[in-house]
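I have placed the structure first, in the form of structure tokens, so that the comments after it can refer back to it.
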Amino acid sequence: MAQVKDYSVEEKLSSLVKLQKVDSKLDGIKILKGELPIEVSDLEDEIEGLNARQNRIEEEMNGIQQFIEDKKTLIKDAQELLKKYEKQSENVKNNREFEAINKEIEMQGLEIQLAEKHIKDATLEIAEKGRQLEIAKKAVATKEGNLKGKKGELEKIIGETEKEEKQFKKLEEDAREGVDERLLVSYDRIRNNYRNGLAVVPVERDSCGGCYNAIPPQKQSEIKQRKKIIVCENCGRIMVDDELNDAVEVK
Ligand SMILES: [Zn+2]
């Protein structure tokens, strides 16, 4: 066991404030980095989804186009047959043959009409798919622009914070050495209880800087004396006077 120096309450409070400020800086970096990677990967997923949608629409359009080509071939064949039957009808030998050929001519005419209707409908469908494709393409372009921005932002933050983070980690180690074990346990416990990670707060405008509960004048003067560790009755955070709080700077 290392020999623990006997720190005064004021020194302990000062170390706690320093530790809090360093930890808040580290929290800030974590938040900055924590959000952007998620945003970047979400955007990448969305773009992948939109690209898959584009491919699907294009495949559907190709399918419809093929359908139209098939119908065009069908019309051509039917027209060939029509020509053949019309020629045959000039040389019919009897009434029955005439009727049979006429029926074929009528059938082919109907086939052509039906195929033309199919082509008309399919053409409308292709135009609609084309509009959907344009919308998907625009969405991809927008998302890609966003992604580029977010990625740049993230890289910039990582570049900027790497050095800072290392420096703050070192400061954090130093600050923890200035606080005794028992106090550190409380500090960590309080910090973990609050989403904003604040365990040590200044008195601000006669209130606790953590929960804004009013602090009576008697208690405020006790805090100012720095003779004992005082916690907020409402939220349990360790309170310091604003002068002590302001005196500790972390850069
Ligand atoms: Zn409080």
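The values are calculated or read from the model by the stated rules, or taken from the named source; none is laboratory data. Here the structure is a predicted model, which is why all the values come from computation and not from measurement. Cβ sites come from the backbone with ideal geometry, for glycine too, and all protein chains shown count toward neighbours. Heavy atoms of the whole protein, side chains included, go into the accessibility calculation; ligands, DNA and RNA do not. Shrake-Rupley method; radii C 1.70, N 1.55, O 1.52, S 1.80 Å.
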Which of Gln54, Gln225, Gln20 ends up with the largest GNM mean-square fluctuation for the chain, with Cα atoms connected below 10 Å?
Gln225
Roughly what would the spin-label model give for Glu80 and Gln132, points 7 Å off Cα along C-beta, in nm?
3.5 nm
Rounded to the nearest 5, the percent of antiparallel DSSP beta bridges in the chain equals 60 percent
Relative contact order (percent) for the chain, with alpha-carbon contacts under 8 angstrom and 6 or more residues of separation?
32 percent
Would you tell me the accessible area of Lys224, worked out with a 1.4 angstrom probe on the heavy atoms of the protein chains, in Å² to the nearest 10?
120 Å²
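Where in region 185-251 are there GluC sites (Glu not before Pro) that are in a DSSP coil and have at most 14 other Cβ atoms within 10 angstrom of their Cβ?
Those satisfying the criteria are Glu233, Glu249.
What do you get for Rg/Rh of region 1-146 when both radii come from the Cα atoms and Rh is the Kirkwood radius?
Working: Rg = 37.6 Å, Rh = 22.7 Å.
Rounded to two decimals, Rg over Rh is 1.65.
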Candidate lysines for bridging to Lys227, where Cα separation is under 23 Å - those fewer than 8 sequence places away on the same chain excluded
Lys5, Lys12, Lys18, Lys21, Lys219
Could you check how much of the accessible area of the chain is carbon and sulfur, as a whole percent, using a 1.4 Å probe?
50 percent
Suppose all protein chains stay in the model; what accessible area per residue would a 1.4 Å probe give for the chain, in Å²?
68 Å²
Have a look at Ala115, Ala136, Ala100 and tell me which one the Gaussian network model of the chain (Cα, springs below 10 Å) gives the largest fluctuation.
Ala100
For Ala52, the net charge from surrounding residues (Cβ-Cβ under 12 Å; K, R +1; D, E -1) works out to -3
Debye intensity ratio in log₁₀ form over the Cα atoms of region 124-190, taken at each q of 0.16, 0.18, 0.19 Å⁻¹
-0.76, -0.82, -0.85
For every other residue with a beta carbon closer than 12 angstrom to the beta carbon of Ile215, add +1 if it is Lys or Arg and -1 if Asp or Glu, then tell me the sum.
-2
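State which entries of Lys72/Lys129; Lys33/Lys138; Lys166/Lys224 exceed 26 angstrom in Cα-Cα distance in the structure shown.
Over 26 Å Cα-Cα: Lys33/Lys138; Lys166/Lys224.
With each run of n ≥ 4 DSSP H residues scored as -39500 (n - 2.57), what mean residue ellipticity at 222 nm is computed for the chain after dividing by its residue count and rounding to the nearest 500 deg cm²/dmol?
Here the helix-only value at 222 nm equals -28000 deg cm²/dmol.
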Using θ = phi - 60° and the Karplus relation 6.51 cos²θ - 1.76 cosθ + 1.60, list the HN-Hα couplings for region 134-144 in order, rounded to whole Hz, with x at every Gly or Pro.
4, 4, 5, 5, 5, 4, 4, 4, 5, 5, 5
